[in-house]
1. Within segment 190-234, can you find the residues that are within 16 Å of the ligand (Cβ to nearest atom), more than 16 Å from Thr135 (Cα to Cα) and of a type in the set (Gly, Ala, Ser)?
2. Within segment 167-184, can you find the residues that are away from the ligand (no atom under 12 Å from the Cβ), part of a loop (DSSP other than H, G, I, E, B) and either over 12 Å from Ala216 (Cβ atoms) or over 22 Å from the mean Cα position of the chain (by Cα) (or both)?
3. State which residue pairs qualify: first residue on the phi > 0 side of the Ramachandran plot and inside segment 115-134, second residue of a type in the set (A, V, I, L, M, F, W, C) and assigned to a loop (DSSP other than H, G, I, E, B) in any location, beta carbons under 7 Å apart, and separation of 6 or more residues or different chains.
4. So which residues in segment 52-74 are at pLDDT below 95 and of a type in the set (S, T, N, Q), if there are any at all?
5. Being within 16 Å of the ligand (Cβ to nearest atom) and either surrounded by fewer than 20 Cβ atoms within 10 Å (Cβ to Cβ) or closer than 21 Å to Met147 by Cβ (or both) is the requirement here; does Glu244 meet it?
6. Go through Val150, Val186 for me and flag whichever is surrounded by 21 or more Cβ atoms within 10 Å (Cβ to Cβ) and either farther than 26 Å from Thr227 by Cα or among the β-branched types (Val, Ile, Thr) (or both).
7. Looking only at segment 109-127, decide whether some residue is within 21 Å of the chain's Cα centre (by Cα), basic (Lys, Arg) and either closer than 30 Å to Glu166 by Cβ or within 16 Å of the ligand (Cβ to nearest atom) (or both).
8. Give the residues of segment 82-124 that are hydroxyl-bearing (Ser, Thr, Tyr) and within 20 Å of Tyr215 (Cβ to Cβ), sorted by residue number.
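The values are calculated or read from the model by the stated rules, or taken from the named source; none is laboratory data. As the structure is a prediction and not an experimental result, all values here were calculated from the model. Using ideal geometry, Cβ is built from the backbone for each residue, glycine included, and neighbour counts are taken over all protein chains shown.
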Amino acid sequence: MTTQFFNRALIVFLSVALSATFTLTGCGGGDDAGGGGDATPTKTDDGGSKASGGGDRTPFPAAKATASVSGKVMFKGDKPTVKKIRIQGDDFCMAQHPTAPNDETYLIGDDNTIANVFVYVKSGADKWEFKVPSTPVMLEQKGCTYMPHVFGIMAGQTVTVKSSDETKHNVHFKGKKNKAFNFSQVFNQSDDQKFSREEIMAPVECDVHSWMRSYANIVYHTLHDVTAAGGAFELPKLPPGDYEIAAVHEALGTQTQKITVADGDSKTIEFTFSK
Ligand SMILES: [Cu+2]
């Protein structure tokens with residue numbers, strides 16, 4: 001009788017200990033959604049070499065890119081509550097916003113379309129080497145807000161960070177796969193930066209104004225777009241082939257779709273997110 005009780009107690013103890021171990025492991029492993037397992041950059045800058053055509057890539061056949069892919073990003077279900085941003089601690093910023101502005105996380109229209117969704121070719125373009133666009137992507141600080149709130153850029157392309165505000169900002173890139181940068185800017189100051197590795201929804205924040213946030217989406221090609229108000233996107237023209245298209249929202253996650261396009265095709269796809 002006593003032995004039986006002891007055995008049962010031992011089993012209970014062991015199973016509790018085991019489940020505790022699993023819980024802890026699960027917790028640690030699941031906390032890395034943004035950066036994946038590759039948070040620590042390796043010493044060799046393979047991102048740069050991949051961007052400039054490492055391996056056996058061939059130049060992107062622009063002349064064969066005749067298929068267009070466009071579409072819309074929609075929201076389904078109960079819309080999340082849009083928070084108000086509390087602008088405080090800076091007279092200039094407060095003067096720009098006599099009333100509290102809306103938080104930009106959820107820009108969902110009355111027609112349920114979602115703005116600020118990054119849409120890109122996730123696979124199917126890996127075999128090509130893309131020319132880095134000579135035009136920089138502009139990231140402006142205006143009215144103590146980053147504009148745009150979400151942007152796409154090719155690895156190796158310049159992002160010009162500029163301040164149009166008569167106050168001091170501190171631009172802090174907090175990506176996990178690219179080298180961080182962190183510098184202050186005054187009115188009319190402009191600084192160029194580059195990213196070398198693919199990284200999606202990597203935050204750029206301001207260390208002075210806690211509400212300021214933008215998201216950089218760095219890819220190895222130019223086949224990307226960000227939805228504007230109205231939820232519409234249009235990818236640059238694609239050569240015929242099979243592709244996986246991804247739509248990424250900063251809070252709602254990622255949706256993917258596989259498509260096949262032929263010469264001169266005009267395809268429309270729709271992504272639907274819910275909370
Ligand atoms: Cu700021």
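1. The answer is Ser210, Ser214.
2. Lys179
3. Asn116/Leu107
4. Within segment 52-74, the subset at pLDDT below 95 is 52-57.
Result: Ser52, single match.
5. Values: within 16 Å of the ligand (Cβ to nearest atom): no; either surrounded by fewer than 20 Cβ atoms within 10 Å (Cβ to Cβ) or closer than 21 Å to Met147 by Cβ (or both): yes.
Answer is no for this residue.
6. Numbers: Val186 fails: surrounded by 21 or more Cβ atoms within 10 Å (Cβ to Cβ).
Sole residue among the options that is surrounded by 21 or more Cβ atoms within 10 Å (Cβ to Cβ) and either farther than 26 Å from Thr227 by Cα or among the β-branched types (Val, Ile, Thr) (or both): Val150.
7. no
8. The initial filter retains those residues of segment 82-124 that are hydroxyl-bearing (Ser, Thr, Tyr), namely 99, 105-106, 113, 120, 123.
If the condition is that a residue be hydroxyl-bearing (Ser, Thr, Tyr) and within 20 Å of Tyr215 (Cβ to Cβ), then Thr105, Tyr106, Thr113, Tyr120 are the ones that fit.
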